[in-house]
Amino acid sequence: MRSAAMTDFIERVKEASDIVSVVSAYVPLKKKGNNYWGCCPFHQEKTPSFSVNGEKGFFYCFGCHAGGNVFKFISLAENVSFFEALKLQADRLGMPLPEAEKSPEELRRDQHYNQLRQVLQMARDYFHNCLTKTEMGAAGRSYWTARGIGDGIISEFSLGFSPDSFDKFNTAFQRRGISESLLLEAGLVKKSERGGVYDRFRNRVMIPIADERGRIVAFGGRVMDSGEPKYLNSPETPLFNKRRMLFGLDRAAKAIRSAGKVIVVEGYMDAISLAAAGIRNVVASLGTAFTREQCRLLMRYAPEVYFCYDSDAAGQNATMRALGILREAGAKAKVLIVPEGKDPDEFVRRQGSESFSRLMEAAQPVIDYQLNFLFGKARLGSEAGRQEALKSVLPVLYSVRDDVVNYNHYLRQVAGRLSIDEGIISQSVARYRPQPEYVGAGQAGRSRVTVAADQTVRQKEEPGQGTTGAARVRVEQSVRNAGRVILRQLWQDAGALPYLLAEIPLEEYPDPLVRGIIASFVKDVAAGRELSESSLDEISSAELSRAIMSAVPGEDLMGLFEECIAVIRRAVLKNKYEEQRLLADALDHKGNTEGSLAALREASRLKKEMDGLDSGKKFSGG
């Protein structure tokens, strides 16, 4: 928790900062209306979609959705943390950073983490020196040479070698005064069944794994022969969580932003080989499990992601899972197909960087890859096989149902490959209902009836609509747009907060992203503070920036605020109505007639109240 002195200092630095001047040092800006516009520095674009408002102190890109205050801009531009961005801006303004007030526990934790980082950095130097300066490293040097990895890449990535010894590393570090407990926690040694400790990495080439800021947090070790396991990674530690990390991002960040795209490979050997071939905008997901955390991290750097996993069955399955995560996040993606079952490392070493560039040019769009993958597994020689294949591709067609041109293109393609009439397939898509995973924030503890009601609300057709998809998108977008107007009003006048909460209790607010921002505002008001975005996470901060920056000159904000509360209230009532309707059906099925009638009466009451909110139907944007 920040001290009052630090919070006050942050506000003083922010007030003293001219965000237009700060951004102008990185991006040429031109004033249009109340805002300044330029090409976004965080993704490639030809038409400026990056906007800065000096009066409000916010920036927002309508292309890649990066947004926030002056500190957020500096942290993205310089690839540093919030506090490093604060310190950098304070230094520029000549404002000395106050001494941070930390509890004894926080001080002990920081000291301990620093010790871990120091030990890991010492281990990196130890392994690197073993490779480059000792006779023991001869086998490692031969291995890297055989893979086409020269001295430049060895030095850049601090590649190393772990001696073929039971406890040489452990003995050397304990002689330097490093405790056994620290070595165990850092994942550098292991405890034996007899109670002693021994080196975790032995007779392997060593790859240091760094975080975004280039600090060593773990190691990967690869055998140089056919031994097992082929790869051995550090265990999870207080500094290393592989779900949240991408190998090579610290070195690739500049190249990724320059190219406007990033290539994701499975392992660090692929990333190192591509870097050695001059392909620099590459990161590795440290295994085949690409995560939502890694996806969010990538989207800060580039709007377009190229997946280049191994071409074997495991790699293809991992690619399919990763594409689902990217689609959920709204990222653009393509897939590089490495021929003949090779991995990127082997391909680039044998074929060279120009051939790899041609693979980039031939990369498949997501839908093409998904359909080809599914048809490759299908048994199209029988009617039963074709029907099974149709079931497997329905989620893919459903995902593009709102893009008429693409939908018709892929519909024709699927119909041709399955020898099934387009109309039959289209009807199947219209009947298809996705099965979302209710595992995110705010879902824990919810009843099955509530979850089912949520799903029904999102999928229900409205009168006159030919597909469920259009209705679903309009309902969700209207709630999100209404939330942005509400956030604008609250940011301008926190006095509107009690009125909002009287109409819509916080726990009932249907949009979890906006709900989290409002909850942060509630804490600010309760603490007697001005509303602030400083406690928000990256996604929430960007959403708040978008809301504030979406204001139009002369808008009747208070009038819109009232109308948008009606939109949200209607969505809340609709959720409750569907919940009661489903509950009535469930109770009737169980023979509980009295309970079913009570639920139907409550559903009827909610429907009448919902129908009275006609103004909620008028709002469509914000």
Quiz item: Of the listed peptides 331-338, 112-119, what is their order by residue-averaged count of other C-beta atoms within 10 Å, with the highest listed first?
Solution: 331-338, 112-119
Quiz item: For SER357 and GLN115 in one chain, what is 0.36 nm times their gap in residues minus the Cα-Cα distance, to one decimal in nm?
Solution: 82.9 nm
Practice problem: If a/c stays under 1.5 just call it rounded; otherwise compare a/b with b/c (prolate if a/b is bigger, oblate if not). Do that for the stretch 274-399, with a ≥ b ≥ c from the square roots of the Cα gyration tensor eigenvalues. | Solution: oblate
Quiz prompt | Those aspartates and glutamates that a straight Cα-Cα span of less than 14 Å connects to LYS574, excepting residues fewer than 8 apart in one chain | solution = ASP454, GLU461, GLU462, GLU476, GLU508, ASP511, GLU602, GLU609, ASP611, ASP614
Self-check item: Among SER51, PHE240, ILE207 - extreme Cα towards positive end, dipole of the chain, charges at beta-carbon
Solution: ILE207
Self-check item: Euclidean distance between Cα centres, the stretch 291-309 to the stretch 508-547, Å
Solution: 25
Quiz item: Which of GLN294, LEU86, PRO96 sits farthest toward the positive end of the charge dipole of the chain, with +1 on the Cβ of Lys and Arg and -1 on the Cβ of Asp and Glu?
Solution: GLN294
Quiz prompt | Within the accessible area of the stretch 99-165 (1.4 Å probe), percent carbon and sulfur | solution = 46
Quiz item: Given 10 Å bins starting at zero, what is the percent of C-alpha pairs of the stretch 1-143 in each, up to the one with the largest pair distance?
Solution: 10, 28, 22, 18, 16, 6, 1
Quiz item: For GLU594 and SER155, FRET efficiency with R0 = 56 Å and r from the beta-carbon atoms, rounded to 0.05?
Solution: 0.10
Self-check item: Residues ASN129 and ARG12, FRET efficiency given R0 of 30 Å [Cβ-Cβ distance, rounded to 0.05]
Solution: 0.05
Practice problem: State to the nearest 20 debye the size of the charge dipole of the stretch 85-176 about its Cα centre, where the only charges are +1 on K and R beta carbons and -1 on D and E beta carbons. | Solution: 140
Practice problem: Could you provide, to the nearest whole Å², the per residue accessible area of the chain with probe 1.4 Å? | Solution: 49
Exercise. Give the percent of DSSP beta bridges with both residues in the chain that are antiparallel, rounded to the nearest 5.
Key: 75
Exercise. Might you report the magnitude of the Cβ-based charge dipole of the stretch 494-585 about its Cα centre, with Lys and Arg at +1 and Asp and Glu at -1, to the nearest 20 debye?
Key: 180
Exercise. Any of LYS242/LYS523; LYS72/LYS254; LYS133/LYS168; LYS254/LYS334 with alpha carbons more than 26 Å apart? Name them for me.
Key: LYS242/LYS523
Exercise. May I ask you to rank TYR198, TYR126, TYR60 by accessible area, largest first, using a 1.4 Å probe over the protein chains only?
Key: TYR198, TYR126, TYR60
Quiz item: Given labels modelled 7 Å from the Cα in the Cβ direction, how far is it in nm from TYR198 to GLU422?
Solution: 6.7
Quiz item: Computed from these coordinates, which is Rg and Dmax of the Cα atoms in Å: [x] 26.2, 78; [y] 30.2, 100; [z] 28.0, 85?
Solution: [z]
Quiz item: On the accessible surface of the stretch 248-309, probed at 1.4 Å, how many percent belong to carbon and sulfur atoms?
Solution: 46
Practice problem: Can you tell me the FRET efficiency between GLU609 and GLU562 if r is taken as the Cβ-Cβ distance and R0 is 22 Å, rounded to the nearest 0.05? | Solution: 0.85
Quiz item: List the aspartates and glutamates whose alpha-carbon lies under 13 Å from that of LYS590, not counting same-chain residues fewer than 8 positions away?
Solution: none
Quiz item: Ignoring ligands, DNA and RNA, how do TRP37, TRP144 rank by accessible area with a 1.4 Å probe, largest first?
Solution: TRP37, TRP144
Self-check item: Ranking by accessible area, most exposed first, for GLU45, GLU78 with a 1.4 Å probe
Solution: GLU78, GLU45
Exercise. For the chain, build the charge dipole from Cβ charges (+1 Lys, Arg; -1 Asp, Glu) around the Cα centre, then report which of LEU371, ALA482, THR134 sits farthest towards its positive end.
Key: THR134
Practice problem: Kindly point out, ordered by number, any Cys in the chain whose beta-carbon has no other cysteine beta-carbon under 4.7 Å away. | Solution: CYS39, CYS64, CYS130, CYS295, CYS308, CYS564
Practice problem: Treating only the Cβ atoms of Lys and Arg (+1) and Asp and Glu (-1) as charged, compute the dipole magnitude of the chain about its Cα centre; round to the nearest 20 debye. | Solution: 780
Practice problem: Give, in nm to one decimal, the length gained when the segment between ARG529 and LYS31 is fully stretched (0.36 nm per residue of separation minus the Cα-Cα distance). | Solution: 176.0 nm
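The values are calculated or read from the model by the stated rules, or taken from the named source; none is laboratory data. What you are looking at is a predicted structure, and each value in this text was computed from that prediction instead of being measured. We place every Cβ from the backbone using ideal geometry, glycine too, and count neighbours over all the protein chains shown. Note: areas computed on protein heavy atoms with side chains; ligands, DNA, RNA excluded. Shrake-Rupley method; radii C 1.70, N 1.55, O 1.52, S 1.80 Å.
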